[in-house]
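Below: one structure in structure tokens.
Please treat every number below as a calculation from the coordinates, not as lab data. The structure presented is a predicted model; accordingly, all values stated were derived computationally and were not measured. As a convention, Cβ positions derive from the backbone with ideal geometry for all residues, glycine included, and neighbour counts pool all protein chains shown.
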Amino acid sequence: MANFYTDNPDLRHHLNHPLMEKIVELKERNYSDAAKYDYAPMDFADAMDSYDKVLEIVGDICGGTIADNAEGVDHDGPKVENGRVIYAPGTQENLDLCRKAGLMGMAMPRRLGGLNFPITPYIMAADIVSRADTGFENLWGLQDCAETIYEFADEDQKQRYIPRVCQGETMSMDLTEPDAGSDLQSVMLKATQKPDGSWVLNGVKRFITNGDSNIHLVLARSEEGTRDGRGLSMFIYDKRNGGVDVRRIENKMGIKGSPTCELTYKNAPAELVGSRRMGLIKYVMALMNGARLGIAAQSVGVSERAYR
Ligand SMILES: Cc1cc2nc3c(=O)[nH]c(=O)nc-3n(C[C@H](O)[C@H](O)[C@H](O)COP(=O)(O)OP(=O)(O)OC[C@H]3O[C@@H](n4cnc5c(N)ncnc54)[C@H](O)[C@@H]3O)c2cc1C
């Protein structure tokens, strides 16, 4: 059986980069976790060894089950029943496998259940996943949204949401609307604050990858009367609370396993992340910077597959 990490020596080039030592030192905060967790690295060599081992597992799963499932997933595709997405059977099997192997929330800190992977080996994993099933990389790669929660949410929100992502719950980023694509300043999904201080969301989002995810990051207009980016804030919507339904899935040319959803929000309860008005100009910008790397890795992975 192929291993998509060990059969590709080019990938190791990234791990051997002279800057890695500095990157790992920063991410590991001088290896201070070693005193708290027996699986945390003690030094640079130890850290590199652990990335190598985890990437070998990624390569094994991808070269086996995920690559084997890819064609079936593309034929079956996901479907919508009663406002909920049902993944293609192969997609569900891929997700379960990644959960069991601990490959969700990989870049999150250990104290919240992650592997504390620096971006370099995490993006290498994304490249490998994409080579196996480029559509599945869309779903798996949305674990990246946890980074935005980690960076901008308060400690209580981090404690409540990030461990769930590390245990395998999926995420989505709900930005685009029928009249707001490239120009996100036009987003109109309405966030209303109730007298008790809590928020509800009303409106429509379109083209949302994995739109029936467990935990959504949502860009919404919180400041009534505004029309530009300065009236937008970022919210977390938890599917367990209800209020968001999937109206339909786009019929795409490719990456069919990845459901691209139209969503309706009807008084969906949500939590504000960080400060009001910073949704687009600060938080979505940071989110997009992470997403860019993921999409770049996705492109390299699918090119690798095509080349071979
Ligand atoms: C498979 C898929 C998955 C997606 N997943 C997500 C997701 O998970 N979350 C999410 O929020 N969104 C998602 N999107 C939406 C995606 O971000 C938008 O499609 C994108 O932002 C473009 O918006 P639009 O489709 O409305 O096109 P438009 O913005 O209407 O653009 C149409 C055309 O006009 C051009 N154009 C636009 N503005 C200008 C300008 N000012 N000057 C010159 N040319 C211009 C564009 O280049 C394009 O060619 C997804 C889209 C696809 C296809």
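Go through the residues of region 46-64 one by one and say whether even a single one is farther than 24 Å from Arg164 by Cβ, free of Cβ contacts under 8 Å to residues at least 60 places away in the same chain, surrounded by 21 or more Cβ atoms within 10 Å (Cβ to Cβ) and among the small types (Gly, Ala, Ser).
yes
Which fully enclosed helices (runs of 4 or more DSSP H) of region 3-95 have 3 or more residues being farther than 22 Å from Asp133 by Cβ and touching a helix residue (DSSP H, G or I) at 6+ places or on another chain (Cβ under 9 Å)? Show your work before the answer.
Values: elements: 9-15, 20-27, 44-61, 67-76.
The qualifying helices (runs of 4 or more DSSP H) are 20-27, 44-61.
Among the numbered criteria (1) away from the ligand (no atom under 16 Å from the Cβ); (2) of a type in the set (Val, Ile, Thr); (3) within 10 Å of the chain's Cα centre (by Cα), which single criterion is violated by Ile162?
In the conditions (1) away from the ligand (no atom under 16 Å from the Cβ); (2) of a type in the set (Val, Ile, Thr); (3) within 10 Å of the chain's Cα centre (by Cα), Ile162 misses (3) alone.
Ok, one more. Can you report the number of residues in region 252-266 which are away from the ligand (no atom under 11 Å from the Cβ) and assigned to a loop (DSSP other than H, G, I, E, B)?
1
Among the residues of region 171-186, how many are more than 9 Å from the ligand (Cβ to nearest atom) and surrounded by 22 or more Cβ atoms within 10 Å (Cβ to Cβ)? Walk me through how you get there before you give the answer.
Our first condition is that a residue be more than 9 Å from the ligand (Cβ to nearest atom); within region 171-186, this holds for 171, 185-186.
Within this subset, residues satisfying the condition of being surrounded by 22 or more Cβ atoms within 10 Å (Cβ to Cβ) are 171.
Residues flagged as more than 9 Å from the ligand (Cβ to nearest atom) and surrounded by 22 or more Cβ atoms within 10 Å (Cβ to Cβ) within region 171-186 amount to 1.
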